[in-house]
1. Answer yes if at least one residue in segment 122-134 is of a type in the set (Gly, Ala, Ser), surrounded by fewer than 21 Cβ atoms within 10 Å (Cβ to Cβ), assigned to a helix (DSSP H, G or I) and modelled with pLDDT under 95, and no otherwise.
2. Any residue in segment 211-240 that's over 16 Å from residue 153 (Cβ atoms): show its pairings with residues that are hydroxyl-bearing (Ser, Thr, Tyr) at Cβ separation under 6 Å, as long as the two are six or more apart or on different chains.
3. Out of all the residues in segment 234-251, is one or more among the charged types (D, E, K, R), open to solvent by less than 50 Å² (accessible area, probe 1.4 Å), modelled with pLDDT under 95 and touching a helix residue (DSSP H, G or I) at 6+ places or on another chain (Cβ under 8 Å)?
4. Of the residues in segment 184-228, how many are part of a loop (DSSP other than H, G, I, E, B) and among the polar types (S, T, N, Q)?
5. So which of 158, 178 ends up being over 16 Å from the mean Cα position of the chain (by Cα), surrounded by fewer than 18 Cβ atoms within 10 Å (Cβ to Cβ), under 21 Å from residue 127 (Cβ atoms) and in contact (Cβ under 8 Å) with a residue 60 or more places away in the chain?
6. State which residue pairs qualify: first residue farther than 21 Å from residue 133 by Cα and inside segment 184-210, second residue polar (S, T, N, Q) and open to solvent by 40 Å² or more (accessible area, probe 1.4 Å) in any location, beta carbons under 7 Å apart, and separation of 6 or more residues or different chains.
7. Considering segment 135-149 alone, what residues qualify as being out of contact with any Ser or Thr (no Cβ under 7 Å at 6 or more places or on another chain) and surrounded by 18 or more Cβ atoms within 10 Å (Cβ to Cβ)?
8. Name every residue in segment 70-121 that is surrounded by fewer than 17 Cβ atoms within 10 Å (Cβ to Cβ), in a helix (DSSP H, G or I) and among the acidic types (Asp, Glu), in order of residue number.
Amino acid sequence: MSNEENTRYPPNAYNVLGIRFAPLNVPLERRKQTLGTLIWLTFLPGSFILSFFFLYLSYTRWLFFAYLAWIWFWDKAPETGGRVSDFVRHMTFWKWMARYFPMEIRKDAELDPSRNYLVGYHPHGAVAIGAWVNFGTEATGFSDIFPGIKLNLLTLLSNFNIPIFRDIVLALGVASVSRKSIEYIFRQGPGHSVAIVIGGAQECLYAKPHTIELVLRKRLGFIKVAILNGALLVPALTFGENEAYDLFATNEESVAWRIQQWCKRTWGWTMYRFLAPRLLIFCIAH
């Protein structure tokens with residue numbers, strides 16, 4: 001076993017058919033951390049499973065159709081700062097998840113709550129875990145570290161077309177990354193700020209472990225929006241984001257790369273191949 005593998009798996013893990021299972025003496029604290037991260041991992045697949053379940057049952061089908069019509073045609077929450085719930089942002093399992101990696105926020109300067117800010121987050125990584133936990137929840141104490149700053153993490157509008165999942169992220173204060181959404185949040189008054197993963201889907205294609213490659217050269221629109229709205233720019237860099245997943249790099253001359261670029265142009269997100277030793281196997285290996 002390599003030194004890198006030794007950092008991922010406990011030395012006394014059981015190996016069955018190439019799958020490493022956690023030993024019975026794993027401390028309770030570590031099991032809680034694993035459970036917290038597992039809950040997060042179930043949000044997206046769980047939303048699809050529940051959606052199919054509600055559509056399958058005859059007595060919930062029409063109610064679910066009404067819900068779909070509401071979120072696709074009437075609900076404007078993604079463009080108006082989400083539907084933030086302090087209860088959801090402070091749920092205990094977020095703290096367990098933060099301690100699993102572990103995560104923390106290190107502050108280099110104070111932020112004046114009388115101003116608005118646009119936080120530019122890098123790197124994107126596979127799924128921007130650092131942005132999700134540090135800015136979308138209170139697991140690492142953002143509101144205590146930066147009192148008076150009401151921060152909305154922003155993501156693609158297409159994420160809000162996924163039933164159930166979209167209501168979870170709205171409760172975390174996550175909103176659309178559109179210009180309309182950003183300006184709406186700034187208009188709410190001093191301290192209201194946004195965090196954007198600047199590199200987007202393109203940057204996630206470079207999320208190889210032990211590297212930080214940023215996509216910045218053509219990403220200038222957020223600077224214009226900040227200037228026009230009198231907001232200050234704040235850089236945020238997460239160390240270890242690219243180590244969360246093992247990404248298979250795609251040759252830029254390959255057919256796979258062209259498919260990835262087409263997906264990004266068409267849907268705003270792209271597909272990539274990865275292994276997740278710290279986010280999937282940990283469920284049974286740590």
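The values are calculated or read from the model by the stated rules, or taken from the named source; none is laboratory data. All of these numbers come straight from a predicted model, not from anything done at the bench. Methodologically, a virtual Cβ is constructed for each residue, glycine included, from the backbone with ideal geometry; neighbour enumeration extends over all protein chains shown. Accessible surface areas use protein heavy atoms only, side chains included; no ligands, DNA or RNA. Shrake-Rupley method; radii C 1.70, N 1.55, O 1.52, S 1.80 Å.
1. The answer is no, given that none of the residues of segment 122-134 is of a type in the set (Gly, Ala, Ser), surrounded by fewer than 21 Cβ atoms within 10 Å (Cβ to Cβ), assigned to a helix (DSSP H, G or I) and modelled with pLDDT under 95.
2. 213/206; 232/117
3. yes
4. The total comes to 2.
5. 178
6. From residues that are farther than 21 Å from residue 133 by Cα, the pairs are 184/80; 186/229; 190/114.
7. Those that are out of contact with any Ser or Thr (no Cβ under 7 Å at 6 or more places or on another chain) and surrounded by 18 or more Cβ atoms within 10 Å (Cβ to Cβ): 135, 136, 137, 138, 139, 140, 142, 146.
8. 86
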